[in-house]
């Protein structure tokens, strides 16, 4: 970079130093960690895996009571049983159970919205980046229009007309993320379009579709996966806020935001009611953000090398 | 070395050693550096990339990288720099020493007007008023040859060429009227014709203002004819140190001799193959015990690899070198007469 | 220096884009009301409305007209400064919206001002990296960004209003009525909204400063013997400004999104609270008006941020 820097080209920031030293001292420890990541990155990854497992298989957890039926006394303190781990809410339902089922709801919304956004965003972005011209401008306009509105407001506008529903949230939030994915895809395609392998494929007579799907698309994956976790965290937060306001997932379905909202009345006497959903949301968002940072860092490093 | 009663050393280094911690262990970047410069004298520091020239300059200026351990004594204007509080050291260096770095394209802040970048030293260290600082800065801009100085004052760096940027750097270095001016590879990044202009400018300024000067370069041609003394660095060690004319005429260390012979000369026939020094500069991580030049030295013996040579003196007491088997004293045609403009 | 002409071209390009965005969004907003099951009027009036009432409402607001016609007439009204009348109070929408917007703006402005504290903090930790303060701030900011605003609202309200009783849990006094009381009520909302802002600005600023501090010209400034504080403010700050401005501009998005939760929880009569009550009562014209106003503001702010780059970086030719 400059000549006034370290003449040996070493940039020993403490993280690098520490990991280098650790790696040198304990060769086996590299298998325990995500490559190039720190301990918190691994913890975050494990947490997310657990979260996905819970979302998929919560029905099969033995001994877990239903999230909708009261099972104990009102507003009990947490104890060491499976269902009482986080206490009971004002109706007597197990908070722990509701948190786990809430995980399913949240993850479902995240999954479907992201799928919508990713597919549409990829499609629009790749076409815009490959063919440029008016189509690119249209896609830019669309992305800018999306950025010019807060998603929460639009969902609320829909709710004003159609009433709260899960489908509304999923679709609207999904549409809002299209812009970001499209922009990333477009930028990626533009930067890849002039690379040798693309020119070679075209010279060999490959169709545009084949080039886009089989040659360019795999190279977009690092950049896309770098932004995904951050957007997913945003989805969790937005859905949580909407449920908190009462316009998200309709009660009595368990949702973290909704649980927090219904606990606020009793906060003065039973402050621990919010413990469960708050921990769930904070850990989830934190895990997504951490993974997002890690992937972005990896992307940066890879780009710097190539 | 005799110092005349009216002159004193503006800068002196005694047994200076610089070590940097790295993953593979401590690296000795500089070892046992001894030299001094008197007022109104010019010193040239030459060596290959990696010989430690830049680190030496940074250590003196107090901008060495974090984690650099400096042992030994550096004295500026008679004051031991290591004994000063950081704030006082910073003020002393800023006031007494001006420095011009290698890369004019990156040495100026592109977001700040050049006028401010010149005057800031004066305003901070000398407490100059806004108008006074501006006046002095414009004077300096004229001195270094920037046309329309008053108009250019509010321009941004990107509006100037590389050579002009370097002149601006020189002006900035002079704002506090320093006693010592350091030019660290100041002309390396410039065009050949511009190099000569800038070096001449530096020499003139030094003479006019009666400053001391250090010219750091890997290019012997830069220091030839412009310096009173020369210090040759190799692998972090001083291999030769003495009056420039004497060292050029009578190099005692084989590295110095090789450097001199590698310079193209006007009186050589065209297409003469230039002499090169075989081998690579030493890897500081695995530094050999003895003389750092031993692996590449054509006359190296067993002792050269094991024992670091002591410093011996030549005909003149001020000419010193570190070699077990130095070249003998022969007079030779001085290549310094040849006008090889770089 | 830069001439005026490239600026004019850049502004006009962005203006056109902005207008297109505005038209696109407001049209969608108008089309939205057609989504209502039955007719929009039915939704507004509720289940007990008679067909005549519905027809009257439809005629007044034009819900029986095709979307295009409705949109064009709405645009026409807009250009005359008429945003319609709210369902309930029958007050002109524009007046209501502006009054509420002022409240939200006050909170947003104060929150952004508080968040600027992140900049000097970032300066300090960037120049003293990996010391205790830096490590603490890194953890704190990460943690803060992981807690959604509505959770912060609940927790802060619990702590400061319920437990410590330092600040009021709800309520609002207009600034023009009583500045001191206003400050007392505005404290909690501002604190909640500024948490994320500060953390985010801190991180972005720190990254910028760390990069800038590695530049050659900073080493030159240090070699000149200039004090660290001078270097930070006069040499490191300016290159970091573009990113800082971007964050501040984008903070608008966050402020508005956060305003829903903050204003409803603390009972502050701002735009967010207005939207929520409009949603509850299906007050579609009001929602439409607020949506339009929001788009306009966002477009203008984004455009300013964009152009701000050119003003700050002397090397950038406005293109």
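FYI, it's all coordinate maths here, none of it is from the lab. Just so you know, these numbers come straight off a predicted model, no measurement behind them. Reconstructed Cβ throughout: ideal geometry from the backbone, glycine too, with neighbour counts over all protein chains shown.
Given the options B:42, B:137, B:71, which has the most mean-square fluctuation in a GNM of chain B, springs set between C-alpha atoms less than 10 angstrom apart? Among B:42, B:137, B:71, the largest GNM mean-square fluctuation belongs to B:71. Taken as Cα centroids, the stretch B:218-286 and the stretch A:160-179 sit 75 Å apart, rounded to the nearest whole angstrom. Summary value for the stretch A:65-305: 22 percent relative contact order, contacts being C-alpha pairs under 8 angstrom separated by 6+ residues. Compared with the alpha-carbon gap, the fully stretched path from residue C:23 to residue C:53 is longer by 7.7 nm at 0.36 nm per residue. Calculate the length of the line joining the C-alpha centroid of the stretch C:274-290 to that of the stretch B:177-211, in whole Å. When both Cα centres are located, 72 Å separates them.
For chain A, the longest principal axis of the Cα atoms and the long axis of helix A:133-147 meet at an angle of about 30 degrees. For the stretch B:95-181, the gyration tensor built on C-alpha atoms gives an oblate shape. Its axis ratio a/c (a ≥ b ≥ c) is at least 1.5, and a/b is not larger than b/c. Considering only Cα atoms, the convex hull volume of chain B works out to 151 Å³ per residue. Springs join every pair of Cα atoms under 10 Å in this Gaussian network model of chain A, and among A:169, A:274, A:291 the largest mean-square fluctuation is at A:274. Between residue C:98 and residue C:8, the C-beta separation translates, for a Förster distance of 25 Å, into a calculated FRET efficiency of about 0.25.
The mean count of C-beta atoms from other chains within 10 Å of the C-beta of residues in C:290-302, rounded to a whole number, is 3. For a test of the definition: using alpha carbon positions, the gyration tensor, and the 1.5 limit on a/c, classify the stretch B:151-195 as rounded, prolate or oblate. Oblate shape, in that a/c is at least 1.5 and b/c is the bigger or equal ratio.
By the beta-carbon count within 10 Å of each Cβ, the least crowded to most crowded order of C:235, C:128, fewest first, is C:128, C:235. If R0 is taken as 56 Å, the Cβ-Cβ distance between residue C:16 and residue B:209 corresponds to a FRET efficiency of 0.40. Packing here is the average count of other Cβ atoms within 10 Å per residue, and on that basis the peptides B:269-277, C:139-147, A:73-81, B:228-236, highest first, run B:228-236, C:139-147, A:73-81, B:269-277.
Projecting label points 7 angstrom from Cα along Cα→Cβ for residue A:53 and residue A:272 puts them 2.7 nm apart. According to the square roots a ≥ b ≥ c of the eigenvalues of the Cα gyration tensor, what is the shape class of chain A, taking rounded for a/c under 1.5, prolate for a/b larger than b/c otherwise, and oblate for the remainder? Oblate.
Hydrodynamic analysis of chain C uses the Kirkwood radius over alpha carbon pairs. Inserted into Stokes-Einstein at 37 °C and 0.692 mPa s, it gives a translational diffusion coefficient of 145 µm²/s.
Ratio of Rg to Rh for the protein assembly as shown: 1.07 [Cα atoms; Kirkwood radius as inverse mean 1/r over pairs]. Comparing Cα centroids, the stretch C:90-153 and the stretch A:62-87 end up 37 angstrom apart. With each label modelled as a point 7 angstrom along the Cα→C-beta vector, the residue A:39-residue C:214 pair spans 2.6 nm. Within the listed set C:287, C:21, C:220, the residue fluctuating most in the Gaussian network model of chain C (springs between alpha-carbon atoms under 10 angstrom) is C:220. Seen against the Cα atoms of chain C and their longest principal axis, helix C:284-312 is set at about 20 degrees.
Averaged over the residues of peptide B:106-119, the number of Cβ atoms from other protein chains lying within 10 Å of each residue's Cβ is 5.
Looking only at the stretch A:39-60, which residues have a backbone nitrogen under 17 Å from a spot 7 Å from the Cα of residue C:132 in the C-beta direction? None, by backbone N distance to the label point.
Angle of helix A:14-25 to the longest C-alpha principal axis of chain A, folded into 0 to 90 degrees and rounded to 10: 90°. A Förster distance of 56 Å, applied to the separation of the beta-carbon atoms of residue B:177 and residue A:69, puts the FRET efficiency at 0.05.
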